[in-house]
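Asks: Pasting a structure below so you can have a look.
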Amino acid sequence: MTQHSDALHRRGLMFIMSSPSGAGKTTISRMLLEADPAIRLSVSATTRPMRPGEVDGKDYHFVDQPTFDRMVEEEAFLEWAHVFGHSYGTPKAQVKAGLREGQDFLFDIDWQGTQQLYQKLETDVVRVFLLPPSIDELRRRLTGRGTDSAEVIAARMERAQAEISHWDGYDYVVVNDDIDLCFGKVREVLHAERMKRARQTGLIGFVRELMRP
Ligand code: ADP
Ligand code: 5GP
């Protein structure tokens, strides 16, 4: 029997990207999803209003507070948190089944969610933290994005300090200075993590076959 090593069964991984708001994780996430069809976005539920250009069911499941609270009660979330006065949560069903089938998921979630996922599913989790090259550049990006009011930007800048302080709760830290360089580094992390022995559940049978006298 000939079997290419890429065809070996592998358990999916949970690729978490966090950053202070404005450092570029949405941009890098979109690039990754476009370049790599094998990874899918875990679409969170949120109570925050939709931004221009966002699509319900694609960027987020936009729900009202009673719906979100009901999902919490029914334990429909793998993790959830309050961020900037709104609720955000990771729906459980899609991810658990997908991982078993070898599906990789990308999570754009904050440090609180990262901690919760790591506590629950440590071996499946890969944690990547993006940093801005400077605080001035972070402010420029938040302003340049043009999606938030001056008050919201001020609140995000204030919170950025607190978010940056969680850098040491991540496996990888990448400074997002040049976008293409940063993207390249993030992709390398994903590629290497896929080859971890523990994720390659098809290896035992494959190696046994190789060693058959
Ligand atoms: P986040 O999702 O972390 O809040 P975004 O991905 O929305 O951040 O990025 C914030 C803004 O900065 C966007 O307008 C984006 O186009 C821009 N941006 C992201 N990465 C870079 C970069 N490396 N250089 C310059 N601008 C960037
Ligand atoms: P935004 O409103 O800019 O899309 O996201 C605000 C913050 O909420 C970001 O830091 C983002 O990573 C985080 N976030 C988005 N979805 C979730 C989620 O499901 N769980 C948690 N814990 N944080 C989330």
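The values are calculated or read from the model by the stated rules, or taken from the named source; none is laboratory data. This structure is a prediction, so every number in the text was calculated from the model and none was measured. Cβ placement follows ideal geometry from the backbone for every residue including glycine, while neighbour counts extend to all protein chains displayed. Heavy atoms of the whole protein, side chains included, go into the accessibility calculation; ligands, DNA and RNA do not. Shrake-Rupley method; radii C 1.70, N 1.55, O 1.52, S 1.80 Å.
Asks: Can you tell me which of (1) more than 15 Å from PHE129 (Cα to Cα); (2) touching an Asp or Glu at 6+ places or on another chain (Cβ under 6 Å) is the one MET14 doesn't meet?
Replies: Of (1) more than 15 Å from PHE129 (Cα to Cα); (2) touching an Asp or Glu at 6+ places or on another chain (Cβ under 6 Å), only one is false for MET14: (1).
Asks: Still on this model: Checking the structure you have, find out if any residue of the range 123-136 is open to solvent by less than 40 Å² (accessible area, probe 1.4 Å) and free of Cβ contacts under 8 Å to residues at least 24 places away in the same chain.
Replies: Scanning the range 123-136, I find no residue that is open to solvent by less than 40 Å² (accessible area, probe 1.4 Å) and free of Cβ contacts under 8 Å to residues at least 24 places away in the same chain, so the answer is no.
Asks: Show the residue pairs meeting these rules: Cβ distance below 6 Å; 6+ apart or different chains; first residue within the range 28-52 and away from ligand 1 (no atom under 15 Å from the Cβ); second residue part of a loop (DSSP other than H, G, I, E, B).
Replies: Note: pairs meeting the criteria are ALA45/VAL63.
Asks: Another question about this same structure. Looking at this structure, is GLY22 at pLDDT 95 or above and touching a Leu at 6+ places or on another chain (Cβ under 6 Å)?
Replies: Answer is no for this residue.
Asks: For THR114, are the conditions met, namely being open to solvent by 70 Å² or more (accessible area, probe 1.4 Å), under 23 Å from HIS191 (Cα atoms) and of a type in the set (S, T, N, Q)?
Replies: no
Asks: Something else: Cβ-Cβ below 6 Å, separation at least six or inter-chain, first residue in the range 189-201 and in a helix (DSSP H, G or I), second open to solvent by 50 Å² or more (accessible area, probe 1.4 Å): which pairs?
Replies: That search, which allows pairs on different chains as well, returns VAL189/TYR172; ARG199/ARG11.
Asks: Within the range 143-159, which residues are of a type outside the set (A, V, I, L, M, F, W, C) and either more than 11 Å from ligand 2 (Cβ to nearest atom) or loosely packed, with under 10 Cβ neighbours inside 10 Å (or both)?
Replies: THR143, GLY144, GLY146, SER149, GLU151, GLU158
Asks: Report yes if some residue within the range 125-135 is in a helix (DSSP H, G or I), within 16 Å of ligand 1 (Cβ to nearest atom) and either out of contact with any Phe, Trp or Tyr (no Cβ under 6 Å at 6 or more places or on another chain) or aromatic (Phe, Trp, Tyr) (or both); otherwise report no.
Replies: yes
Asks: Just checking, which of GLU163, GLU122 is out of contact with any Phe, Trp or Tyr (no Cβ under 7 Å at 6 or more places or on another chain) and in a helix (DSSP H, G or I)?
Replies: GLU122
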